[in-house]
């Protein structure tokens, strides 16, 4: 195992252990105690296993999980950012269909291997996006009658 | 033979149309690399809200069955397994296609899938009522241990680290406690308004299975699929039928192995296909031909991974304990329609239960008939670029999770869980035990509380939960499954170098 995954394992298992400790703390301190009986049981096991995993990561003895290399992380970041902006901001404030269509088009442009310089590529991307919007609208608004937030646009 | 009374219900126009839609759609989705059966079923659940319970389950059951079989198309024609269950099919199936026998490989694959699948569903039909009767004897302590068993078995058997598998199960059990406590009405772990009503299972399932796949597609960057689709030439179907039955050894090994593995919670189709392939190879006089385009390899692997489907639903329908992630997703589909599986399912909702099971039987045959016609189209769909697939799945995940309760909170939870799960998976954690914990958590807690009340009134809590033959048997199985997995993990480490482990993980991811 290289140093990078080892550090990543320490951070990841450290975060899981921190969540485990927080869950156990809340379970053992909150009232009424009867409501936290089951959470106490599971949080105890949670903490033990999480600390065990963290300890193994600290000692560099983690054998499962390759972590993330810089290239994968760089590939993920733009797409993940678009997805997070879509879900946590745009869907509600721009309207579901507008936001999803924009996100779809941006993701297609970011990850489609076709050359960016060709006009044909952009027309193809726009057509795929329009087709996607039509299908989603037909399925969710037409077939399932789901009323989505429409805010500024639609 | 009660199931025969409900056989006609499968053939009503709407039910049959849904069965056809689920089968053909599932075959195409299954062929798409990256769209696992579990994820396909999870994404389909929102489309069942407007349907009657039986209709919704027919659609989900057909999709489950045919996505498993559809994965063989891309395994054979593209050398890319549509799902982990089809890994073993690639070994001989693609070599056959390279030799110009793609149609023969596909025909053998769908015929073997149908034979295995029908046998598996027949097991489901005949075992389920027996187990359901037996399950009537289960009290709260037994149901508590069963729920724990469901989480620990999957936690320890699924994935390569027992500790991380069990830890994933604990995270799922904790997530299930978020919200208001049922007995006292107390708030628990409500750290954001989106989770004030607890974590809804359907958005959670969509997030946990779909979003990591979307991010995995992002991680590949701007790549085009270079796989060449091999052409499918004509091959007489009667020759394929004769060959499947002539290779009865491989068919029997595959079918029996798949059925047995399907009954064991936590052991999925991937294992079934590989174990059947391996056993078939060991018992074949032509073992040297395996890997060179030998039809027995395809027959054993495909009959096994479809034979696993029916039995994997037995613990779900009788004990409410999903034995696999896909069964857990189906449980979500049942609950959303107000159907509670368990010992009284066949008394309270026999029409829903039997129509669903019968549709899976008919679905196996439809899958075989349509599989060959859809194969060419499915192979083309399998070539849809990563970028398009990632954007489509993200869109479906967002709309699907919103449509559950028309709540943005569900979409936030879906995205947060999915993103978190992707990073956890990179560090050896697994979604399956987490999902099982999330689904079985309320069952475990409700029975624990109920059992504690009974124990306080009659005996001590320790005596109630830790004595009696059934309690002790279940505890022994919990301990044995963990011990076995630890032993297997230590053993595989002894014989595997670190480089081999890294290569294996990279190949699987």
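Values quoted throughout were computed directly from the atomic coordinates according to the rules given, and no laboratory measurement underlies them. Not measured: the values here are computed from a predicted model. Using ideal geometry, Cβ is built from the backbone for each residue, glycine included, and neighbour counts are taken over all protein chains shown.
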Study note, to complete from the structure: Nearest 10, in degrees from 0 to 90: the angle of helix B:87-98 to the longest Cα principal axis of chain B is 20
Check your understanding: Roughly how tilted is helix B:201-219, in degrees to the nearest 10 and between 0 and 90, from the longest Cα axis of chain B?
Key -> 40
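Taking the highest mean first, how do the peptides A:110-116, B:254-260, B:49-55, B:11-17 order by number of other beta carbon atoms within 10 angstrom per residue?
On the way: A:110-116: 15.7, B:254-260: 26.6, B:49-55: 18.6, B:11-17: 13.6.
Per-residue mean Cβ counts within 10 Å order the peptides as B:254-260, B:49-55, A:110-116, B:11-17.
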Point to revise | Paramagnetic reach from residue A:88 in region B:405-426 [backbone N under 18 Å; point 7 Å along Cα→Cβ] | key: B:408-424
Study note, to complete from the structure: Rounded to one decimal in nm, the spacing of the 7 Å Cα→Cβ label points at residue A:41 and residue B:21 is 4.2
Check your understanding: How do the peptides B:399-405, A:81-87, B:345-351 rank, highest first, by the average count of neighbouring beta carbon atoms within 10 Å per residue?
Key -> B:399-405, A:81-87, B:345-351
Point to revise | Test item: B:398-405 mean partner chain Cβ contacts at 10 Å | key: 5
Practice item. With a Förster radius of 41 Å, plug the Cβ-Cβ distance of residue A:122 and residue B:289 into 1/(1 + (r/R0)^6) and report the FRET value to the nearest 0.05. Key: 0.20
Check your understanding: Sorted from fewest to most neighbouring beta carbons within 10 Å, what does the list B:2, B:243, B:425 look like?
Key -> B:2, B:243, B:425
Review point. Among B:469-476, B:86-93, B:3-10, how do they line up from the highest to the lowest mean number of other beta-carbon atoms within 10 Å?
Key: B:86-93, B:3-10, B:469-476
Check your understanding: If one takes the longest principal axis of the Cα atoms in chain B, at what angle in degrees, from 0 to 90 and to the nearest 10, does the Cα axis of helix B:408-426 lie?
Key -> 60
Practice item. Provide B:477, A:47, B:162 in ascending order of the number of other Cβ atoms located within 10 Å of each residue's Cβ, fewest first. Key: B:477, A:47, B:162
Review point. Hey, with R₀ at 30 Å, roughly what FRET efficiency would residue B:344 and residue B:473 work out to, going by the Cβ-Cβ distance, to 0.05?
Key: 0.85
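Counting only other chains, what is the mean number of Cβ atoms within 10 angstrom of the Cβ of each residue in peptide A:126-136?
Going residue by residue through A:126-136 and averaging, the value is 2.
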**Study point:** Ascending count of other beta-carbon atoms within 10 Å, so fewest first, for B:220, B:282, B:164
**Key:** B:282, B:220, B:164
Check your understanding: Using the beta-carbon distance between residue B:384 and residue B:183 and R0 = 51 Å, what value does 1/(1 + (r/R0)^6) give for FRET efficiency, to the nearest 0.05?
Key -> 0.55
Practice item. Mind checking A:71-79 for the average number of partner chain beta-carbons within 10 Å of each residue's beta-carbon? Key: 5
